[in-house]
Amino acid sequence: MYPLPEESYIVGKVAAIFFKNPNNFYKVLLVKITETDMNYNEKEIVVTGSFGNVQEEEVYRFFGERFNHPKYGEQFKASAYQKEQPTSENGLIHYLSSDKFPGVGKKTAEKIVDLLGEEAIDKILDDPALLKQISGLTKKKREMLLDTVRLNYGMDKVIVGLNRYGFGSQLAFAIYQTYKNDTLDVIEENPYQLVEDIEGIGFKKADNIAEQLGIDATSGKRIRAAILHQILQQSMETGNTYIEAKDLLEQVLHILESSRPVEIDPEKVANVVIELVEEGKIQQEDTKLFENSLYFAEWGIASSIERLLQRKREIHYSENKINKNLRKLEKRLDIIYGASQEKAIKEAICAPLFILTGGPGTGKTTVISGIVQLFAELNDIDLDPSKYSEETFPILLAAPTGRAAKRMNETTGLPSSTIHRLLGLNGRENKAKNTAPKELEGGLLIVDEMSMVDTWLANTLFKAIPDNMQVIFVGDKDQLPSVGPGQVLHDLLDIVEIPQKELTEIYRQEDGSSIIPLAHEIKSGQLPDDFTQNQKDRSYFSCRVGQIEPLISQVVLKAKQKGFTPQDIQVLAPMYKGPAGINALNKMMQEIFNSNTDKTKKEVTFNDTVYRIGDKVLQLVNAPEDNVFNGDMGEITGIIYAKDSDDKVDELVIAFDANEVTYKRNEWNKITLSYCCSIHKAQGNEFKMVILPMVNQYYRMLQRNLLYTAVTRSKEMLILLGETSAYKHCVEQVSTLRLTALKERINGIDSISQAMRLKILTYENEQEEAPFESDYVKRKNKEKEPHSISAEKATSDLFAQEPEVSLTTTSTQLTEKLIKSQTIDPMIGMGELSPYDFQMVKQ
């Protein structure tokens, strides 16, 4: 907790706080120097770092190093700091009897100093119970005094400690918000608790701290943290929503033994898995193990589907009325619907829940527009959004990405939004918590690009859909699945009770496009005979991996000469590293479209990336408060250097269409250059020209749905280059389906026990109602109950792949253990009553 010997220090009064980030502890201060061990003759200096509740006009001691910023001059980067405490007994008495401590007069202050001496503040922080020895100090005053001291000194001590453990401003802020002044005690007692409680802290970071603190490699705390980390991590990496117990055992052993060179007993790991199941920290079904949030999200989706399907099975409109209005639409829109398109519109308009799928050129957009127009005609709805200033527009259009939502708006002329914005989510929700969304209002909801929606988001969306809303999901089942766990669209298509229609007839081919037929050939598992022959909208260049960058450079230079802009051209690649990776291609493309050889353009550097005015960039996270979402592409329109900004930090101004957003330097990790991007990030977007390198270096990424998704991003021109064998491998390599339980959940929802329904309801209510801090306080105050089940027996059952753990008892007493194991129905004797009968109804 103390500064390193080689670090310099300055003591001074904070004259001004130039900048403070509300989402972490990062601040920029102006300090008037009263003392320093540096050879520095100026009276003030700018100090940067992670600070707690620092106050202007207060004196602090900062430890760190001075550096000369090339643009902003001398600064001091603080690695640790502390508020200067009064240095004498008289000073302490004066401080404790000041206005900071109302009700604590000079006599009481003298009593405190007489008892505790000059180290009174440190002693109070370490042992608040000492204040009980001070006569005349009521409980209320003791609490006030302690809170004030903690505010001025406790937070500072915590933040310095977190900095010493290597936590940056963002994570330090999250940790402090969870544990407050107990932070350092929690870490020193069990650093692995961070893995359970703080999103963004993995096992290796916690294990590194634990090793520093001397926690044994075979500790149960360490094994527990590795299991909880890996059960979620493997879902993020594979997209699976569960893992077989034996696979998890192997993976956890690998993590433990690779992090520290100590052999771990597999039986001990297996026992801890069983303990976590008993505690309800992870869920078990036969030999399958689930991370909690994914387990309950799949059940939540199944429950919502059950609710939506229990409504009337068909919305009745007379066939004559539907046909009459369709003909009227065709005349007004000057189109003629194909037989499959008309059938899809008719089936969708009469179904409370409907799924529409189809590949490129099959008319999904035309059908969506037709459904919207027909719905309005049949229900006498005015489609002029300006008429709804006082009420909700009755038709909701949404998509996972901002670009896909914008495309819906362009094709229908109606308001559209991202799913996050529709639900009122800010994109920073903890995925391990079930988020309670606002209930949607309106008559019809259409969600496009449904293949991109993961299990967590689908659960949140479905919970927001009211019983009286008609719902249509649209997507292409052959595209890449969601980045997050699950394969929601694929699983829903396997549910026979859900009405659905796949469009297979290709309509958009009259202009002689060869891209759409190519996509359908890829989907069917083959490359066309003319794959390597140039077409009017498609070219192929054979080359090796080392030739990718120079060849793309030639193609882009020629396209630039023909008037193509960076927004018209998109290079797509499966991997980030290597000579044909995204990082290298981005730098090359930047030099073609936005070089700065004459140094006349403003530019800034962040990590290894240079940003200039005019650069094409990609948003990496959702930021609904700025109306910007993951996958949105924009252009840097302004750079404000720190010396010219109000907050004295560098800023980038980025235009996303007509929306301009300002990013301070500490927010630049939310963006990246996007001349070249991953195929996953391009999903939901379309581009005038797509350049697609595909080489055997990408071998482990090559799959049919990857190639299909990339090709279907192109609207007019497709440039293919690389090794033909790599393309052939793509179409031959069908991606394996993800391991999910959603289909089984939906098909089995009718037969689940009341105990299971109660378990789901209880989990959802706990997650929605209890803030994070209360979970910690509850844990802190609750002693662990001993586990009555035999760990040896449970381990044997789970890891021997036996179907169920047999829990038999001769006792007639109803216990919590029997309820949790679902051996006894907790609703026994309640007749037809259900937990749902006691649930509050949304008004």
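The values are calculated or read from the model by the stated rules, or taken from the named source; none is laboratory data. Just so it is clear, the structure is predicted and the values come from calculations on it, not from any experiment. Reconstructed Cβ throughout: ideal geometry from the backbone, glycine too, with neighbour counts over all protein chains shown. Just the protein is used for accessible areas: all its heavy atoms, side chains included, with ligands, DNA and RNA removed. Shrake-Rupley method; radii C 1.70, N 1.55, O 1.52, S 1.80 Å.
Numbers for the structure displayed
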quantity	calculated
Breaking point among (1) out of contact with any Ser or Thr (no Cβ under 9 Å at 6 or more places or on another chain); (2) closer than 18 Å to Val695 by Cβ; (3) open to solvent by 20 Å² or more (accessible area, probe 1.4 Å), for Gly581	(3)
Residue identified as within 24 Å of Leu194 (Cα to Cα) and among the aromatic types (Phe, Trp, Tyr) among Tyr317, Tyr295	Tyr295
Inter-residue pairs, beta-carbon under 6 Å, first free of Cβ contacts under 8 Å to residues at least 40 places away in the same chain and in segment 156-184, second of a type in the set (Phe, Trp, Tyr) and in a helix (DSSP H, G or I), 6+ apart	Thr183/Tyr176
Close pairs from segment 120-146: first at pLDDT 90 or above, partner hydroxyl-bearing (Ser, Thr, Tyr) and outside any loop (DSSP other than H, G, I, E, B), Cβ under 6 Å, at least 6 apart	none
Pairs with Cβ under 8 Å, 6+ apart, first in segment 324-345 and without any contact (Cβ under 8 Å) to a residue 40 or more places away in the chain and surrounded by fewer than 18 Cβ atoms within 10 Å (Cβ to Cβ), second among the small types (Gly, Ala, Ser) and assigned to a loop (DSSP other than H, G, I, E, B)	none
Conditions (1) polar (S, T, N, Q); (2) within 30 Å of Thr712 (Cβ to Cβ); (3) not in a loop (DSSP other than H, G, I, E, B): number failed by Asn323	(2)
Residues being polar (S, T, N, Q) and more than 15 Å from Tyr611 (Cα to Cα) - total across segment 623-676	4
Pair list, Cβ < 7 Å and 6+ apart or interchain, from segment 564-579 residues that are on the phi > 0 side of the Ramachandran plot to residues that are surrounded by 15 or more Cβ atoms within 10 Å (Cβ to Cβ)	Gly578/Gln697
Extreme residue, modelled with the lowest pLDDT, among residues of segment 26-76 that are open to solvent by 40 Å² or more (accessible area, probe 1.4 Å), in contact with a helix residue (DSSP H, G or I) (Cβ under 6 Å, 6 or more places away or on another chain) and within 21 Å of Ala642 (Cα to Cα)	Tyr72
Residue ranges of strands (runs of 3 or more DSSP E) in segment 578-678 with at least 3 members under 30 Å from Leu702 (Cβ atoms)	616-619, 671-673
Scan of segment 522-536 for residues that are open to solvent by 50 Å² or more (accessible area, probe 1.4 Å) and either of a type in the set (Gly, Ala, Ser) or modelled with pLDDT of 95 or more (or both), ordered by number	Ser524
Number of positions in segment 288-316 that are surrounded by fewer than 18 Cβ atoms within 10 Å (Cβ to Cβ) and farther than 22 Å from Asp750 by Cβ	2
Matching residues in segment 456-474 - criterion: being closer than 14 Å to Leu492 by Cα and either in a loop (DSSP other than H, G, I, E, B) or out of contact with any strand residue (DSSP E or B) (no Cβ under 6 Å at 6 or more places or on another chain) (or both)	Ala458, Asn459, Phe462
Members of segment 575-608 found to be within 17 Å of Tyr641 (Cβ to Cβ) and within 28 Å of the chain's Cα centre (by Cα), listed by number	Val604, Thr605, Phe606
Enumeration of residues in segment 629-659 that are out of contact with any strand residue (DSSP E or B) (no Cβ under 9 Å at 6 or more places or on another chain) and under 20 Å from Ala682 (Cβ atoms)	none
Condition broken by Ile419, with the remaining ones in (1) free of Cβ contacts under 8 Å to residues at least 60 places away in the same chain; (2) open to solvent by 10 Å² or more (accessible area, probe 1.4 Å); (3) under 33 Å from the mean Cα position of the chain (by Cα) satisfied	(2)
Matching residues, segment 655-709, being open to solvent by 10 Å² or more (accessible area, probe 1.4 Å) and at positive phi	Asp657
Segment 367-391, subset in a loop (DSSP other than H, G, I, E, B) and within 20 Å of Val447 (Cβ to Cβ), residue most open to solvent (accessible area, probe 1.4 Å)	Asn379
Test set (1) in a helix (DSSP H, G or I); (2) open to solvent by less than 10 Å² (accessible area, probe 1.4 Å); (3) of a type outside the set (Gly, Ala, Ser); (4) within 19 Å of Val273 (Cβ to Cβ) - Thr241 fails condition number	(1)
Condition met for Ala174 (within 27 Å of Leu213 (Cβ to Cβ), assigned to a helix (DSSP H, G or I) and either open to solvent by 10 Å² or more (accessible area, probe 1.4 Å) or in contact with a helix residue (DSSP H, G or I) (Cβ under 8 Å, 6 or more places away or on another chain) (or both))	yes
Residue list for segment 32-62, restricted to those being part of a strand (DSSP E or B) and either of a type in the set (Asp, Glu) or closer than 22 Å to Lys664 by Cα (or both)	Glu35, Glu44, Ile45, Val46, Val47, Thr48, Gly49, Ser50
Matching option when the condition is of a type outside the set (Gly, Ala, Ser), out of contact with any strand residue (DSSP E or B) (no Cβ under 7 Å at 6 or more places or on another chain), more than 29 Å from Phe462 (Cα to Cα) and surrounded by fewer than 22 Cβ atoms within 10 Å (Cβ to Cβ), among Glu250, Glu196	Glu250
In segment 280-318, the residues that are touching a residue at least 40 places away in the same chain (Cβ under 8 Å) and assigned to a loop (DSSP other than H, G, I, E, B)	Gly280, Lys281, Asp286, Thr287, Arg311, Lys312, Ile315, Tyr317
In segment 214-238, the residues that are open to solvent by less than 40 Å² (accessible area, probe 1.4 Å), touching a residue at least 40 places away in the same chain (Cβ under 8 Å) and in contact with a strand residue (DSSP E or B) (Cβ under 7 Å, 6 or more places away or on another chain)	Ile231, Ser235
Lone qualifier among Asp454, Asp476, Asp494 - being at pLDDT 90 or above, open to solvent by 20 Å² or more (accessible area, probe 1.4 Å) and within 25 Å of the chain's Cα centre (by Cα)	Asp454
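Every residue, every condition in (1) in contact with a Cys (Cβ under 7 Å, 6 or more places away or on another chain); (2) open to solvent by 60 Å² or more (accessible area, probe 1.4 Å); (3) under 22 Å from Tyr675 (Cβ atoms), yes or no:
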| site | (1), (2), (3) |
| --- | --- |
| Glu502 | no, yes, no |
| Ala519 | no, no, no |
| Arg538 | no, no, yes |
| Leu551 | yes, no, yes |
| Phe564 | no, no, yes |
